[in-house]
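Everything on this sheet refers to the single structure shown next.
The values are calculated or read from the model by the stated rules, or taken from the named source; none is laboratory data. This is a predicted model, so every value here is computed, not measured. With ideal geometry, Cβ positions are generated from the backbone for all residues, glycine too; neighbour counts draw on all protein chains shown. These accessible areas exclude ligands, DNA and RNA; they are computed on the full protein's heavy atoms, side chains included. Shrake-Rupley method; radii C 1.70, N 1.55, O 1.52, S 1.80 Å.
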Amino acid sequence: MRVFRKIFSRVVIFSLGIFLQLLWLFFLMFKLSEYYFPIALFLNLISLIAVLFILYRPGNPMIKMAWIVPILVFPLFGGIIFLISGGKGPKRKLAKALAQSQTLIAPLLPESPIDDTTSIRAEDKYIKGQCRYLTNYGFPYYQNTETRYYDNGRDGWLHMLEDLKKAERFIFLEYFIVKPGIMWDAVLAVLKERAAAGVEIRMLYDDVGSITYVSRKYAREMETLGIKCVTFNPYRPVYSVVMNHRDHRKIMVIDGHTAYTGGINFADEYIGEDLRFGEWKDNVLRLRGEGVRSMCIMFLHMWNALRPTDTTEAMRQYMPRSEDISDIRCSGVVQPYGDSPVDSEPMAENVYLNIINQAVDYLYIVSPYVIIDTETNRALCLAAKRGVDVRLMVPEIPDKKMIYHLTQSYFPELIESGVKIFKFTPGFVHSKVFVADDRLAVVGSINTDYRSLYLHFENACLLVDHPEIPAVKKDFEDTFPRCELVKLKERRFNLFYDAYLSVLRLFAPLL
């Protein structure tokens, strides 16, 4: 029965639909073979136009090269494939809806200009510049925000349940994966109980992230339970890289005063109940106070783009209320932020690059996927060469073998430059964390790969001089002894494997 369900699952049926479309395209080309020369001339012209378009438009050179090479190698079909897939960003309809939603939420953002009087490490222009960068793009900084860092998914999940049970007004959820099991079933039980008690609940989940776990009618099932639910970018049998643009965010907001983010989704592996990849190492960040405002605004921005519901005035009721946060006093700064493939600003990557380039004493990074462009690779190497203790933690047991081979292809140059690479030997690390110099930390959903940095909707939280930063650093210090330090080994030349890695590196932006 399980095999039957897999064969007739949405992903199989829709993927078959895409394959048949491509097969039909090639069949038409074959049937028109007697007109080969004029058709070939026309298709080559399209490929040339596509290459010129790629060169002209702004963007990452590595991504451009990943498209230009196959177009030039296969000029008959390369241009056509690019025009119907790679030439598209997110749907124009979605981009327009997000822009309209942005006008609604703009008045809710507090003014937080950063100038010479701003009390963010006034003596450190680099840190102030990092905060200014995010502020200029609509993500203010906040003080008086408590945070708690959980170094594993189970503890974070248990505290989520406690806070969810206390919800009195509303709950917002935005996650990439929803998978029925111990973890999600416990959350859903609380959501149903709170919905029955009159608490407003809104839920966003990504269709591709959850496609093999829930039915296409799952959103409607949630509605029958009193949970307002929207599926992000439903998977359809159309060949288009628009399907690559996913909602990879992890956002939970409770009553406007408490929020969660981090690496975990709602599936049993995140709490150690599914051991397919050994021990699953992840994290959760809890916020309480003024900084929850931006978490709430990010959710409402996406929600009202997909399901227009609120006016600006209506959304004010979801912002932090003074009576709920007036007693919260905390030093340091938090700056929740999001990134989007709709705009041309690679914000997530730029935040990471700023931290790498400005690190002085140490920089610790953990990410399940390390698929980096030339700029980030060079920045890491230069940081190590100028004496920064750069450490990168990756899994020992991968969840995607091809991506893991690609990750390993970066090791030799990084290690030769002085970067220390640690493999988490008990299993898989899914955390996405940067911490540097006891001054800055980033915790969120953003991997160090092209998908997170260019194709997905993502979110994270920047901590500056915050009292929780030592807890983030301690997580690394406690985990390094459980890892294996990767060393360069002399190996024999392997033509086929080296060629395989070279091809992977070339097409990395498209994987």
Computed lengthening from residue 478 to residue 408, 0.36 nm per intervening residue step minus Cα-Cα distance: 22.8 nm
Counted charge near residue 259, where neighbours are those whose Cβ lies closer than 15 Å (Asp, Glu -1; Lys, Arg +1): +2
Protection-proxy order for peptides 434-442, 166-174, each taking the mean of Cβ atoms within 10 Å per residue, highest first: 434-442, 166-174
Area of residue 249 that stays accessible when all protein chains are in place (1.4 Å probe, Å², to 10): 20
3J(HN,Hα) from dihedral phi, the range 165-178, Karplus parametrisation 6.51/-1.76/1.60, rounded to Hz, x for glycine, proline: 5, 8, 4, 10, 10, 7, 9, 10, 10, 9, 9, 6, 10, 10
Taking N as its residue count, the alpha carbon Rg of the range 393-440 over 2.2 N^0.38 Å: 1.28
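Rank these residues by their accessible area, most exposed first, probe 1.4 Å: 212, 135, 425.
Details: 212 100, 135 30, 425 65 Å².
Descending accessible area places them as 212, 425, 135.
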q = 0.19, 0.26 Å⁻¹, the range 320-386: log10 I(q)/I(0) [Debye, one scatterer per Cα]: -0.90, -1.28
Accessible surface ranking that places the most exposed of 420, 250 first, with a 1.4 angstrom probe: 420, 250
Bridge type composition, the range 194-302 - antiparallel percent by DSSP, nearest 5: 60
Compactness of the range 231-382 - radius of gyration and Dmax, Cα, Å: 18.6, 53
Compactness of the range 330-489, expressed as Rg and Dmax over alpha-carbon positions, Å: 14.8, 48
Two-decimal log10 I(q)/I(0) for the range 266-310, as the Debye equation yields it once each C-alpha is a single scatterer, q = 0.24 Å⁻¹: -0.80
Largest-first principal axis extents, alpha carbons of the range 126-275, Å: 48, 43, 34
Packing-based order for 473-481, 154-162, using average beta carbon neighbours within 10 Å, highest first: 154-162, 473-481
Loop-resident sites, the range 259-322, for GluC sites (Glu not before Pro), counting at most 14 other Cβ within 10 Å (DSSP): 273
Solvent accessible area, Å² - residue 216, 1.4 Å probe, full protein context: 150
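For a protection proxy built on the mean count of beta-carbon atoms within 10 angstrom, sort 363-371, 403-411 highest first, please.
Ranking, from highest mean packing down: 363-371, 403-411.
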Rel. contact order, % - alpha carbon contacts under 8 angstrom, at least six apart, the range 396-489: 32
Charge sum, other residues only, whose C-beta stays under 12 Å from residue 441's C-beta, Lys/Arg counted +1 and Asp/Glu -1: -1
Local net charge near residue 321, Cβ-Cβ under 14 Å (Lys/Arg +1, Asp/Glu -1): -2
Whichever lysines have a C-alpha closer than 23 Å to that of residue 192, once near sequence neighbours (fewer than 8 apart) are set aside: 165, 166, 179, 217, 228, 250
